[in-house]
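Rule-based calculations on the coordinates, nothing more; no lab input. Being a predicted model, the structure only gives us computed values, none of them experimental. Quick reminder, even Gly has a Cβ in these numbers, built from the backbone with ideal geometry, and neighbours come from all protein chains shown.
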Amino acid sequence: MAYAYDDQNIFAKILRGEIPNDTVMETEHTLAFNDIRPQAPVHVLVIPKGAYVTFDHFAADASEAEIADFHRVAARIVAEAGIGPGEGGAGYRTLSNAGEDAVQEVPHYHMHILAGRPLGRMLQPA
Ligand code: AMP
């Protein structure tokens, strides 16, 4: 089944400039901004500018330029925040929620970058 993109979602409105955001980085294909309800001292959302609903939608249908740009932006955010373990940082977590079981709130693909405190184990037991 193909994904149907709802262009009234809040990140679509941010991309159209209809509501403000706290931009961290912007490129041709990608926007990164601070989460409005941060769950860690660093909580950045990285989104493609294209109309993709989930990670799998983006990874399957986006162009190589969009996919490369998205990940380069994420890497630059990690580098500039000094959180990458390869550069002596204390580490970070990336995650993306897709659909109902993952409690995806905003149906526009986004990757969370979380850092700045111990983040615990990946998941709590069900
Ligand atoms: P998810 O549950 O993975 O869909 O996460 C959606 C995230 O978007 C949550 O962490 C929200 O705090 C965040 N969020 C919702 N509205 C905004 C907004 N206007 N600006 C920044 N972050 C937002």
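Read through the list (1) touching a residue at least 12 places away in the same chain (Cβ under 8 Å); (2) touching a helix residue (DSSP H, G or I) at 6+ places or on another chain (Cβ under 7 Å), then give the number of the only condition that I19 fails.
(1)
Just checking, which of E80, E100, E105 is more than 13 Å from the chain's Cα centre (by Cα) and more than 20 Å from E28 (Cα to Cα)? Don't jump to the end; show me each part of the working.
Details: E80 fails: more than 20 Å from E28 (Cα to Cα); E105 fails: more than 13 Å from the chain's Cα centre (by Cα).
One residue alone meets the criteria, E100.
Looking at region 109-121, which of its residues are in a loop (DSSP other than H, G, I, E, B) and in contact with a Ser or Thr (Cβ under 9 Å, 6 or more places away or on another chain)?
So in region 109-121, the residues in a loop (DSSP other than H, G, I, E, B) come out as 109-110, 116-121.
The answer is Y109, H110.
Which residues, counting only those in region 98-126, are closer than 12 Å to L45 by Cα and surrounded by fewer than 17 Cβ atoms within 10 Å (Cβ to Cβ)?
V106
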